[in-house]
Structure formats: C-alpha cells, structure tokens
1. Roughly what would the spin-label model give for residue 46 and residue 18, points 7 Å off Cα along C-beta, in nm?
2. With each pseudo-label sitting 7 Å past Cα toward Cβ, what's the residue 104-residue 76 distance in nm, one decimal?
3. Using the 10 angstrom Cβ neighbour count as an exposure proxy, how do 16, 47 rank, fewest first?
4. Sort 99-105, 51-57, 61-67 by the packing proxy (mean of other Cβ within 10 Å over each peptide's residues), most packed first.
5. Points 7 angstrom from Cα along the Cβ direction at residue 113 and residue 94: gap in nanometres?
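Every read-out reported here was derived from the displayed coordinates using simple, explicitly stated rules and does not represent laboratory data. Owing to the predicted nature of the structure, the values given are computational and were not obtained by experimental measurement. Don't worry about glycine lacking a Cβ; one is built from the backbone with ideal geometry, like all the others, and counts go over all protein chains shown.
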C-alpha cells in the first residue's frame with residue numbers, strides 16, 4: 001500500500017487501526033498528537049510551561065546533566081563520547097542541542113527543511129540509523145518528556 005499511517009508513518013494500516021501508541025511531539029506523552037495537546041509548550045531554559053526561554057524568570061537547567069545553576073558549557077559532567085548519537089530536536093543534526101541551534105527548523109518526519117511533519121509526504125527517517133523507510137519507535141522518544 002502507498003498510504004502511510006499518520007501515527008507511526010508505516011504502511012499497511014491507518015492511524016485509527018495503528019497498533020503503535022502515538023507520542024505527542026510537544027509534551028512527550030503517549031495517547032495524543034501535538035496538534036491535540038493541551039499542555040503548553042515548555043520553556044527551553046527551565047523546562048516549565050507558560051513562557052519562552054527569552055522571557056524565562058527561572059534559573060536555567062543544564063542541557064548536559066539536567067541540573068540547575070550552570071549551563072552545559074560550564075558543566076563538570078564529561079561531554080558525551082564522540083560516538084554519541086543524540087540529535088538536535090530542531091534541525092536533527094549532531095553536535096549541539098536545540099537551545100543552541102542556529103539552523104532552520106527541520107521536519108520531524110523526514111528531517112528536511114521547508115515544511116512541517118503534518119504536511120510531509122516523504123519517507124520517515126530513523127533517529128538511530130538516519131536511514132529512511134522505518135522509525136525506531138522504542139528509542140525515538142526515550143527521554144523526550146524531560147528534554
């Protein structure tokens with residue numbers, strides 16, 4: 001079948017019949033999509049809802065260790081090893097995280113710029129191997145609720 005499930009981006013079924021639990025890209029919780037999410041977007045600085053990083057009244061959280069009081073560039077926790085495959089949630093490239101990203105926003109589905117995932121007709125790209133045609137469902141969203 002040429003149709004892809006809008007929930008898991010795999011062929012063979014529709015979203016209403018999908019055996020995979022949908023995960024919200026906004027809050028990281030299962031059972032709904034970002035478009036239907038009632039959780040406010042989280043501030044990239046403190047991970048709290050209700051404001052943006054530019055107007056954040058709270059102390060920031062280090063994006064390396066998750067603790068307050070310092071930024072990742074001043075963190076005493078060793079940086080990830082060179083083979084670390086964490087990707088920026090904005091541009092899906094390695095080497096930095098979304099709060100430090102200066103690149104154009106990329107599609108959550110295919111990682112190309114110029115459109116949003118809801119309008120994407122391209123094959124999905126796997127977060128683990130970076131190849132299209134499948135997604136790593138178990139690992140894809142690990143830790144997103146806290147990132």
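1. 3.3 nm
2. 4.3 nm
3. 16, 47
4. Result, highest mean Cβ count within 10 Å first: 61-67, 99-105, 51-57.
5. 2.1 nm
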